[in-house]
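The values are calculated or read from the model by the stated rules, or taken from the named source; none is laboratory data. Just so we're clear, the structure is a prediction, and the values are computed from it rather than from any experiment. Quick reminder, even Gly has a Cβ in these numbers, built from the backbone with ideal geometry, and neighbours come from all protein chains shown. With ligands, DNA and RNA removed, areas are computed over all heavy atoms of the protein, side chains included. Shrake-Rupley method; radii C 1.70, N 1.55, O 1.52, S 1.80 Å.
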Amino acid sequence: MSCEEQKMTTKKEAGPMRVMVTGGSGMMGKAIEHVVLHEGGKLEGEEWFFLSSKDANLVDLEQTKAVFEKYRPTHVIHLAAKVGGLYLHMRDNLHFLADNLKINENVLHTAYSMGVVKVVSCLSSCIFPDKTTYPIDETMIHNGPPHDSNFGYSYAKRMIDILNKAYFEQYGCCYTAVIPTNVFGPYDNFNVETAHVLSALVNKTYKAKKEGTAVTVCGSGAPRRQFVYSLDLGRLIIWTLREYNEISPIILNAENDAEVAIKDAAEMIAEAFNFEGEIKYDTSMSDGQLKKTTSNAKLRRYCPDFTFTPLKDAIKMTCDWLTANYDTART
């Protein structure tokens, strides 16, 4: 479905964009901010506002309305979410479902009520069906239930796609979404209890080298993941805001042959830190979904020449960033 194909009528902003980024203090918000401030991502006259949880609790509708009133955005990049690692999701599916449903409805409803021209929300590859064929593409989101380990978060994220479609059909709103694969990079959450797998392993390996201990990987190391560097994703989200005119979401990931096993990623991290100690695999812990390979064919139709940072290089830069910023990083 395309804004142009459906002859959608939207209000055109009178002047430069005023872009409000929810979740602006997190890894992806910081990546977008870096691109805007240091890579020419900001055009003349534009204003960008990066919100943190201190600005508003988006679970609360009145606080959401207040922050929209304060910044009066013409465009919104919606990154804010209640997030966590695999084992936290397994323990707390209800609250991941309830809070994220509220956040997403509050943001989109308020964007509509205030005449925001475009909203780009961020989904997750975990929304795809657990039982499926590979590679997965954007048409397959609702073809079956997601993996049971994080169904609360997954269903809440799926509902953004439903809301986008409904707001378009009911009111002609240009709301869309991106679907990144496993994102990592500077400013991520590196807390080993709550972080996603690669960032948790970065912190574990940092500590193991410092303390002279082994690194323990949760699970067998066999699950395969497509990792994407946060700065690459930041560049692509800004492209989506400016150039992508479909309501249906778009997967943002590197080529399928960039998919690696958790074991391979752990070894790349060890190499980046020059860690020569033992890497253990705790097979009593759940592996989660064994694979969720996605296709970037749609992205390549739009951006055939976009170059992703090689995984080994991106891991090295992330490890170097954590080493230099450990005292202030989220560990």
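Condition first: among the charged types (D, E, K, R) and closer than 18 Å to THR74 by Cβ. Now tell me which residues in the range 34-54 satisfy that.
As a first pass, look at the range 34-54 and keep what is among the charged types (D, E, K, R): 39, 42, 44, 46-47, 54.
Listed by number, the residues that qualify are LYS42, GLU44, GLU46, GLU47.
Between HIS95, HIS89, HIS109, which is at pLDDT below 95, open to solvent by 20 Å² or more (accessible area, probe 1.4 Å) and of a type outside the set (Val, Ile, Thr)? Break it down stepwise before answering.
On the way: HIS89 fails: open to solvent by 20 Å² or more (accessible area, probe 1.4 Å); HIS109 fails: at pLDDT below 95.
The unique qualifying residue is HIS95.
For the range 37-56, indicate whether the set of residues that are open to solvent by less than 60 Å² (accessible area, probe 1.4 Å), in a helix (DSSP H, G or I) and in contact (Cβ under 8 Å) with a residue 40 or more places away in the chain is non-empty.
Checked against the condition, which is being open to solvent by less than 60 Å² (accessible area, probe 1.4 Å), in a helix (DSSP H, G or I) and in contact (Cβ under 8 Å) with a residue 40 or more places away in the chain, the range 37-56 yields no hits at all.
Of a type in the set (D, E, K, R) and without any contact (Cβ under 8 Å) to a residue 40 or more places away in the chain: which single residue out of LYS210, LYS263, LYS291 fits that description?
Details: LYS263 fails: without any contact (Cβ under 8 Å) to a residue 40 or more places away in the chain; LYS291 fails: without any contact (Cβ under 8 Å) to a residue 40 or more places away in the chain.
Only one candidate passes the filter, namely LYS210.
Across the range 43-56, what is the number of residues that are over 21 Å from the mean Cα position of the chain (by Cα) and of a type outside the set (A, V, I, L, M)? Explain how you work it out, then say what you get.
Step one: list which residues in the range 43-56 are over 21 Å from the mean Cα position of the chain (by Cα), which gives 43-47.
Narrowing further to those that are of a type outside the set (A, V, I, L, M): 44-47.
Number of matching residues: 4.
Give the number of residues within the range 131-143 that are farther than 17 Å from ASN245 by Cα and out of contact with any Phe, Trp or Tyr (no Cβ under 9 Å at 6 or more places or on another chain). Don't jump to the end; show me each part of the working.
Residues of the range 131-143 that are farther than 17 Å from ASN245 by Cα, as a first pass: 131-137, 140-143.
The next check asks that each one be out of contact with any Phe, Trp or Tyr (no Cβ under 9 Å at 6 or more places or on another chain); those that pass are 131-135, 137, 142.
Number satisfying all stated conditions: 7.
Of everything in the range 13-36 that's assigned to a loop (DSSP other than H, G, I, E, B) and in contact (Cβ under 8 Å) with a residue 24 or more places away in the chain, which residue is nearest to LEU123 (Cα to Cα)?
Within the range 13-36, the first condition is being assigned to a loop (DSSP other than H, G, I, E, B), and the residues that meet it are 13-17, 23-26.
Next, from what is left, pick out any that are in contact (Cβ under 8 Å) with a residue 24 or more places away in the chain: 13, 15-17, 23-26.
On the way: GLU13: 26, GLY15: 29, PRO16: 27, MET17: 23, GLY23: 13, GLY24: 16, SER25: 18, GLY26: 15 Å.
Of everything passing the filter in the range 13-36, GLY23 is nearest to LEU123 (Cα to Cα).
Just the residues that are polar (S, T, N, Q) and in contact with a helix residue (DSSP H, G or I) (Cβ under 6 Å, 6 or more places away or on another chain), please, taken from the range 183-216. Working first, answer last.
To start, the set of residues in the range 183-216 that are polar (S, T, N, Q) comprises 189, 191, 194, 199, 203, 205, 213, 216.
Scanning the range 183-216 gives THR194, THR205.
Do we have ILE136 as open to solvent by less than 40 Å² (accessible area, probe 1.4 Å) and modelled with pLDDT under 95 here? Give the steps one after another, and end with the answer.
On the way: open to solvent by less than 40 Å² (accessible area, probe 1.4 Å): yes; modelled with pLDDT under 95: yes.
Against the criterion (open to solvent by less than 40 Å² (accessible area, probe 1.4 Å) and modelled with pLDDT under 95), ILE136 qualifies.
For the structure I just gave you, tell me whether ARG72 is buried (at least 16 other Cβ atoms within 10 Å of the Cβ), at pLDDT 95 or above and not acidic (Asp, Glu).
On the way: buried (at least 16 other Cβ atoms within 10 Å of the Cβ): no; at pLDDT 95 or above: yes; not acidic (Asp, Glu): yes.
Taking the combined requirement at face value, the residue does not satisfy it.
Check the range 190-203 and report whether any residue there is closer than 19 Å to LYS316 by Cα, of a type in the set (Asp, Glu) and at pLDDT below 95.
Residues of the range 190-203 closer than 19 Å to LYS316 by Cα: 190-192, 195-203.
Next cut, of a type in the set (Asp, Glu) only: none.
Checked against the condition, which is being closer than 19 Å to LYS316 by Cα, of a type in the set (Asp, Glu) and at pLDDT below 95, the range 190-203 yields no hits at all.
How many residues does the range 140-156 contain that are surrounded by fewer than 14 Cβ atoms within 10 Å (Cβ to Cβ) and either within 19 Å of the chain's Cα centre (by Cα) or not in a helix (DSSP H, G or I) (or both)? Steps first, please.
At the first step, the residues of the range 140-156 found to be surrounded by fewer than 14 Cβ atoms within 10 Å (Cβ to Cβ) are 142-145, 148.
Among the residues that remain, those that are also either within 19 Å of the chain's Cα centre (by Cα) or not in a helix (DSSP H, G or I) (or both) are: 142-145.
Final tally of qualifying residues: 4.
Can you tell me how many residues within the range 117-139 are touching a Cys at 6+ places or on another chain (Cβ under 8 Å) and either free of Cβ contacts under 8 Å to residues at least 60 places away in the same chain or in a loop (DSSP other than H, G, I, E, B) (or both)? Talk me through it step by step, then tell me what you get.
So in the range 117-139, the residues touching a Cys at 6+ places or on another chain (Cβ under 8 Å) come out as 117-119.
From the residues that got through so far, the ones that are either free of Cβ contacts under 8 Å to residues at least 60 places away in the same chain or in a loop (DSSP other than H, G, I, E, B) (or both) too are 117, 119.
Number of matching residues: 2.
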